[in-house]
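Engineer: The structure under discussion is supplied below as structure tokens; questions concerning it will follow.
The values are calculated or read from the model by the stated rules, or taken from the named source; none is laboratory data. Quick caveat, the model's predicted, so the values are computed rather than measured. All Cβ positions, glycine included, derive from the backbone under ideal geometry; neighbour counts span all protein chains shown.
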Amino acid sequence: MGKVVAAATVGIRSLAESVRAAFRERIGDERFAVWFGDASWLDGADGQRPGVVIRAGHGVTHEWLRRTFRAEVEAVVGQVGVRGVQVLWEPADQVASDEGAARPLAVVRPPEEPRSPAAEPPRRLGRGLQRLDDFVAGSGNRMALAAVEMAASRPGQMSPTVIHGPSGVGKTHLLEGCCSRFRERHPNASAVFLSAEQFTTGFLQALHGSGLPGFRRTCRSAELLVVDDLQFFVGKRATLQELQQTIEVIQRQGGQVVLGCDREPDALPELGAELLTRLRGGMIARLQPGDYDVRRGIVAAVCRSRGLVVPDEVTDYVATHMTRHARELQGAVNRLEATSSMLGVPISLGLAEEALVDLVRSSGRSVRLAEIEQAVCAAFGLARGSLQSSGRARSVSHARMLAMFLARKHTHAALSEISGFFGRRSHSTVITAQKSVSQWLAEGTRIVLAEAAWDAGEAIRRVEDILRAG
């Protein structure tokens, strides 16, 4: 086995770095992060021959990685301009036990560039793991923020933790922030961050490549397992069973599982009764779209991170007109920065009004009546077409009134168009529905929807979550 060369030898040290960079570019950031996110790439030597030592994987996983990626690693070795390079593979767990090293944090994200602790610049969105300290808190997300803070600080006390909400409300930020906080509080513990697609791909590759024990060891030995996009598992029976067993093992060991989803778990009965019961036994927290104060805080934070000087009136303008999600706010700041640079003028309210005119128009785009019908039926398990029927049962009539209320709120359709779409003869039906739902909201009334009682406000939020998720 090759001898590891001291890192002080800069000339040799750059060999492993060069091979690592070329290999990462060859297989792509995502695959590299999944399989080599916690690997060590070291310079080695065998007599007079230079070498690269790759310490990756544990047990069977290591052998699978070596067989699967050996040819691709050797292919990029020829690109570094050094002849006779040997590639040596070592299992990471064996080396760690020999050297008494702490277990690594296996986060499925590209590693951050080293920075000076004495003068750390503001963290830019989208680079490395985001932090909880940078999350803009408001009335609609404080519960979710508190849930992930507890998961990171006191793992296992409320597991599994599920964070749910439509796209663009900050789920990924919270999940990454959970990993960052966990790493700060428990530097010697192990954590794994995967999207549901990465979990599925890794499981199927391991299953077909006889690497299942290694895959399970990687996921189930983690003190923190974070999996995003829970809804992706719907319809994948074998992967769902694997996830459920993984959650059970981690919980028995006192570990923490955190899951992200674009809707509340109860809206996904396809996950199965057993898994849903286990999720209900943990902590479920909803992320709502940011209110004005949250949106304003996000705009201000993005501008600060980029060193942009933006008047308060511009921040107010963006927060007022970009109301759908955080990515829309970031896109508006991108447009302002680019326009200001192109014209060579400072950012002002007049510039913002001109530069963002099409984005403001797009943000205010209304949804279609058919989309509202689909969302109401999906939210409460109603059959398609039931809202247009003549049925007078409360489970249908209340849902129909709710749909009419939302149609008035989210579309530009005329009263007659709304009443006709939902099978009513007179537009006065829509006016009555709007008044009734408004009264329900004011009085906190519980209504019957698909044979179950719902708080009117929560029922509306559930439908609007589905509308935002598309």
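Engineer: Could you check the stretch 364-373 and list, in sequence order, the residues that are in a helix (DSSP H, G or I) and surrounded by fewer than 18 Cβ atoms within 10 Å (Cβ to Cβ)?
Structural biologist: In the first step, residues of the stretch 364-373 are kept if they are in a helix (DSSP H, G or I); the result is 369-373.
The answer is ALA370, GLU371.
Engineer: Let me ask something else about it. Taking GLN231 as the residue in question, decide whether it is modelled with pLDDT of 90 or more, surrounded by fewer than 19 Cβ atoms within 10 Å (Cβ to Cβ) and farther than 30 Å from GLY297 by Cβ.
Structural biologist: Against the criterion (modelled with pLDDT of 90 or more, surrounded by fewer than 19 Cβ atoms within 10 Å (Cβ to Cβ) and farther than 30 Å from GLY297 by Cβ), GLN231 does not qualify.
Engineer: Scan (1) over 20 Å from VAL367 (Cβ atoms); (2) surrounded by 15 or more Cβ atoms within 10 Å (Cβ to Cβ); (3) without any contact (Cβ under 8 Å) to a residue 40 or more places away in the chain for the single condition LEU387 breaks and write down its number.
Structural biologist: The single condition LEU387 does not satisfy is (1).
Engineer: Is there any pair with a first residue in the stretch 192-219 that is part of a loop (DSSP other than H, G, I, E, B) and a second that is surrounded by fewer than 22 Cβ atoms within 10 Å (Cβ to Cβ) and polar (S, T, N, Q) whose Cβ atoms are under 8 Å apart and which are 6 or more apart or on different chains, and what are they?
Structural biologist: GLY209/THR68; GLY211/GLN205
Engineer: If I filter the stretch 154-162 for residues that are within 16 Å of the chain's Cα centre (by Cα), under 24 Å from GLN231 (Cβ atoms) and free of Cβ contacts under 8 Å to residues at least 60 places away in the same chain, do I get at least one hit?
Structural biologist: No - not one qualifying residue is present in the stretch 154-162.
Engineer: Restricting attention to the stretch 234-243, report how many residues are in a helix (DSSP H, G or I) and crowded, with 17+ Cβ neighbours inside 10 Å. Don't jump to the end; show me each part of the working.
Structural biologist: The initial filter retains those residues of the stretch 234-243 that are in a helix (DSSP H, G or I), namely 237-243.
Filter once more, keeping what is crowded, with 17+ Cβ neighbours inside 10 Å: 239-240, 242-243.
Matching residues across the stretch 234-243 total 4.
Engineer: Residue by residue through the stretch 152-172, note down the ones that are part of a helix (DSSP H, G or I) and either in contact with a strand residue (DSSP E or B) (Cβ under 7 Å, 6 or more places away or on another chain) or surrounded by 24 or more Cβ atoms within 10 Å (Cβ to Cβ) (or both).
Structural biologist: Within the stretch 152-172, ALA152, LYS171, THR172 qualify.
Engineer: Next up: When only residues in the stretch 317-345 that are assigned to a helix (DSSP H, G or I) and polar (S, T, N, Q) count, which is nearest to GLY140 (Cα to Cα)?
Structural biologist: Per the criteria, the residue is THR320.
Engineer: Looking only at the stretch 7-36, count every residue that is at pLDDT below 70 and either touching a strand residue (DSSP E or B) at 6+ places or on another chain (Cβ under 9 Å) or not assigned by TED's automatic domain parsing to the domain that holds PRO91 (or both) and tell me the total.
Structural biologist: Summing the residues that are at pLDDT below 70 and either touching a strand residue (DSSP E or B) at 6+ places or on another chain (Cβ under 9 Å) or not assigned by TED's automatic domain parsing to the domain that holds PRO91 (or both) in the stretch 7-36 gives 8.
Engineer: Here is a follow-up. Please go through the stretch 276-313 and give me each residue that is under 21 Å from ILE347 (Cβ atoms), part of a helix (DSSP H, G or I) and without any contact (Cβ under 8 Å) to a residue 24 or more places away in the chain, ordered by number.
Structural biologist: ARG296, ALA300, ASP312
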